Amino acid sequence: MSRQLFKSTVIVSALTLISRILGFVRDMLIARLLGVDIATDAFFVAFKIPNFFRRIFAEGAFAHAFMPIIEDYKARGGKAAMQLFIDRAAGTLALSLLVLTLLGMVFTPAIIFVIAPGFALQGPQFEIASSLLQICLPYLLFIGLVAFSGGLLNAFGQFVVPAFTPALLNICMIMAAVWWAPLMAQPVTALAWGVFVAGVVQLLYQVPALLRLGLLPRFKWGYRDPEVKKMLSLVVPAIFSVSVTQINLLLDTLIASFLTVGSVSWLYYSDRLVEFPVGMLGLALGTVILPRLAKSFAEKTSDAFANTLDWGLRLVFLFGMPATIGLVVLAEPMISTLFQYKEFSLQDVHNSAMSLRAYAAGLLGYIAIRVLVSGFTSRHDLQTPVRYGLWSMGVSLLLNVVLVFPLAHAGLALATSLGSIVNALLLLFKLHKEKIYRPMPGWGWFFARVLVASTLMFAALYYWVDANWWQAWGAGERVMQLVKWIVVGMLIYGGTLIVSGLRFRHLADDYRI
């Protein structure tokens, strides 16, 4: 069964890779066409809200809330009862999100004031952000229903459609940037409309897959249904438990709005690069193992439950370590290659690279949280992740105050990274203390091999790559050299692991899940 998990993880990772590449194309176009100014800062603040809900909804929050309920229905064999629950849950969710969206559109200025109070001191920027957010807000309704549909498909082993759906947002925004932006007096307005259209497209894309499985919801109001009440009571803690890092990123934006113009954009671009490995590995692992953990808990197979967690954590270290090293050592070349065009200056590259290194310091924590939270939510325990999430938020807030003065926007990024590491360690220690997670034999040798391979990779990239080579070359040369050093790093890392005796097929064959 672990071979099937590995295959599913690879599929989700590959489709997430497509989405992330399209996301980079989108951001490259924005950087090239619009640069960094008050309008782009305003858009990135306005986009924070729908993008925040996209991340927490479409990347796991709803699945954590209702996946265990679906698995209970499947274990009991109650197909008719399950369909009724789906209909009532979808109807209740749709109406709730519609009301929330309408309220948000009415109180848009207040929302901007909360997430970027510094904009209130700059009249035009505040007005632009408010108008853009009004256009983007209906995306909340669409993405909530998309997340619900995607969670249903995942529960029945259908990972392809939900994994590709995020790419549609990037496609719509790319089209808006290329075709609509030049026609508008305020080009960033086109991006906001691209977000709106993307919500409709993503929702419609889910329908054929739901029809094939006979799971298309017939929307019914069902707030009084006990299972719907249970799901709704779990949604808020589920959102918080899997989205602490995203909340910290919003707080980074809030504080950055008081800093130098461009700080919000620098944090945004560096976060985009960190989201690449987080999405490819963290999102993929969380998506694939959650149904397996929920099924193991419903069937009371504790060994399979523990082995699934162990398998996920080994992949976190195996792929998270080289990703961290690559982001730290190649920060400037990556930012320059992807975003340095016309309006995006050399100073923007340096400032974005500072926050990229700071965010990369917490990469293992970001990815591990996706796996570890599943160990609690699949057991219907959302209180523990919420409690630890609050503690880690407190750590991040305290460090924000301490680090923002010496490190400016990079201090905010570092505080978020350290908070994620604290969160991951608390979750891990709790699972181990309660004997829910029991490490399989061989962790010592496994960790030693990964550490040696990582050290050699870091040394090679640090000493062989000239930190300033990218400044003198054109865009095409930068791309070729960056690709070359990424490949060199991967070969050194993978070759060292193979020479040390690690076989990647063991990760697919040695687990009885």
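Values in this text are rule-based calculations from the coordinates and carry no lab data. None of these values were measured; they are calculated from a predicted model. All Cβ positions, even for glycine, are placed from backbone atoms using ideal geometry, and neighbour counts span all protein chains on display.
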Histogram of C-alpha separations across the range 107-193, 10 Å bin width, %: 15, 33, 31, 16, 4, 0
Label-to-label distance, nm, for residues given as Leu213 and Lys79 (7 Å Cα→Cβ offset): 1.5
Protection proxy ranking of 97-106, 424-433 - average other beta-carbon atoms within 10 Å, highest first: 424-433, 97-106
Sorted by Cβ density within 10 Å, fewest first, the residues Leu29, Leu372: Leu29, Leu372
Where Rh is the Kirkwood radius over Cα pairs, Rg/Rh for the range 36-234: 1.03
Ranking of Lys229, Lys48, Lys74 by count of other Cβ atoms within 10 Å, fewest first: Lys229, Lys74, Lys48
Normalised convex hull volume, the range 243-513, alpha-carbon set, Å³ per residue: 128
Mean Cβ count within 10 Å, highest first, over the residues of peptides 398-410, 285-297: 285-297, 398-410
Relative exposure of Ser149, Ser336, Ser241, judged by other C-beta atoms within 10 Å (fewest first): Ser336, Ser149, Ser241
Full-stretch length increase - Glu127, Val99 - with 0.36 nm per residue and alpha-carbon distance subtracted: 7.7 nm
³J(HN,Hα), Karplus 6.51/-1.76/1.60, whole Hz, each residue of the range 385-394, x for Gly, Pro: x, 5, 4, 5, x, 5, 4, 5, 5, x
Theoretical FRET efficiency, 1/(1+(r/R0)^6), r = Cβ-Cβ of Met490 and Ser302, R0 45 Å, to 0.05: 0.75
Added length on full extension, which subtracts the Cα-Cα distance from 0.36 nm per residue, Val402 to Lys220: 60.5 nm
Positive-pole candidate from Thr253, Gly151, Ile18, dipole of the chain, charges at beta carbon: Gly151
Net length gained if the chain between Trp445 and Glu477 were fully extended (0.36 nm per residue, minus Cα distance): 7.5 nm
Computed label-point distance, nm, for sites Leu456 and His350 using a 7 Å Cα→Cβ extension: 3.6
Debye intensity ratio I(q)/I(0), log10, the chain, q values 0.11, 0.14 Å⁻¹ (C-alpha model): -0.95, -1.56
Column: log10 I(q)/I(0), Debye, Cα scatterers of the range 229-332, q = 0.10, 0.11, 0.14, 0.19 Å⁻¹: -0.44, -0.52, -0.77, -1.11
Per-selection metrics, the range 152-222 (Cα): Rg and Dmax in Å: 15.7, 47
